[in-house]
1. Could you check region 3-38 and list, in sequence order, the residues that are within 24 Å of GLU74 (Cα to Cα), touching a strand residue (DSSP E or B) at 6+ places or on another chain (Cβ under 7 Å) and outside any loop (DSSP other than H, G, I, E, B)?
2. Of the residues that make up region 86-97, is at least one modelled with pLDDT under 90, touching a strand residue (DSSP E or B) at 6+ places or on another chain (Cβ under 8 Å), hydroxyl-bearing (Ser, Thr, Tyr) and surrounded by 15 or more Cβ atoms within 10 Å (Cβ to Cβ)?
3. Quick one: how many residues across region 1-19 are modelled with pLDDT of 95 or more and more than 20 Å from MET59 (Cα to Cα)?
4. Taking into account only those residues within region 2-21 that are in contact with a helix residue (DSSP H, G or I) (Cβ under 8 Å, 6 or more places away or on another chain) and over 11 Å from VAL50 (Cα atoms), which is surrounded by the most Cβ atoms within 10 Å (Cβ to Cβ)?
5. Tally time: how many residues in region 47-87 are acidic (Asp, Glu) and not in a loop (DSSP other than H, G, I, E, B)?
6. Cβ contacts < 9 Å: first residue in contact (Cβ under 8 Å) with a residue 12 or more places away in the chain and acidic (Asp, Glu), restricted to region 15-43; second residue part of a helix (DSSP H, G or I) and crowded, with 18+ Cβ neighbours inside 10 Å, any location; separation 6+ or different chain. Result?
7. Looking only at region 39-46, decide whether some residue is in contact with a strand residue (DSSP E or B) (Cβ under 6 Å, 6 or more places away or on another chain), at pLDDT 95 or above, surrounded by 13 or more Cβ atoms within 10 Å (Cβ to Cβ) and assigned to a helix (DSSP H, G or I).
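The values are calculated or read from the model by the stated rules, or taken from the named source; none is laboratory data. Values in this document were obtained by computation on a predicted structure and should not be read as measured data. Backbone-built Cβ (ideal geometry, glycine too); neighbour counts: all protein chains shown.
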Amino acid sequence: MAHSVVLVEDDVNLRETFKELLEIMGFNVLKVYENGAEAYVDLRENPIDVDIIITDFFMPVMNADELIRSLKTERHYSDKQYVVISGFDIESVYKCFPENSGIKFLTKPFKVDDLIKIIN
């Protein structure tokens with residue numbers, strides 16, 4: 001059975017590319033959002049069963065660190081797998097999360113193989 005994914009990415013071109021790539025890889029992309037606030041409000045108000053939440057780090061309105069902290073307080077999303085993607089200094093991104101958070105990180109640009117390794 002294919003893993004289900006929620007994708008949060010503010011760049012419209014990357015959002016569509018990631019969605020298509022994930023679908024080609026066999027993932028079931030349940031929802032796609034353009035920022036963290038939109039994702040948080042909808043997922044809180046309309047809980048879904050999802051395996052992996054993939055999010056860009058720097059976004060308008062709500063960044064990935066705030067989104068993930070907020071979702072982890074919701075019973076429905078507390079134990080989900082989270083992947084943070086960033087084109088910025090990944091060391092700075094790491095510092096926004098607890099050391100043993102279980103969150104996985106991917107630096108843009110990345111190869112398809114890198115994405116496969118991190119979410120499988």
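1. SER4, VAL5, VAL6, LEU7, VAL8, ASN28, VAL29, LEU30, LYS31, VAL32, TYR33, GLY36
2. yes
3. Total satisfying the criteria: 1.
4. To start, the set of residues in region 2-21 that are in contact with a helix residue (DSSP H, G or I) (Cβ under 8 Å, 6 or more places away or on another chain) comprises 3, 5-9, 21.
Within this subset, residues satisfying the condition of being over 11 Å from VAL50 (Cα atoms) are 8-9, 21.
On the way: VAL8: 29, GLU9: 21, LEU21: 14.
Only one residue tops the list, namely VAL8.
5. Of all residues in region 47-87, those acidic (Asp, Glu) come to 49, 51, 56, 65-66, 74, 79.
Restricting the remaining residues to those that are not in a loop (DSSP other than H, G, I, E, B) gives 56, 65-66.
The qualifying residues number 3.
6. Note: no pairs meet the criteria.
7. Initially, region 39-46 is screened for residues in contact with a strand residue (DSSP E or B) (Cβ under 6 Å, 6 or more places away or on another chain), giving 39.
Among the residues that remain, those that are also at pLDDT 95 or above are: 39.
After this cut, where a residue has to be surrounded by 13 or more Cβ atoms within 10 Å (Cβ to Cβ) as well, the list is 39.
Add one more test, that the residue is assigned to a helix (DSSP H, G or I), and what stays is 39.
Checked region 39-46: at least one residue is in contact with a strand residue (DSSP E or B) (Cβ under 6 Å, 6 or more places away or on another chain), at pLDDT 95 or above, surrounded by 13 or more Cβ atoms within 10 Å (Cβ to Cβ) and assigned to a helix (DSSP H, G or I).
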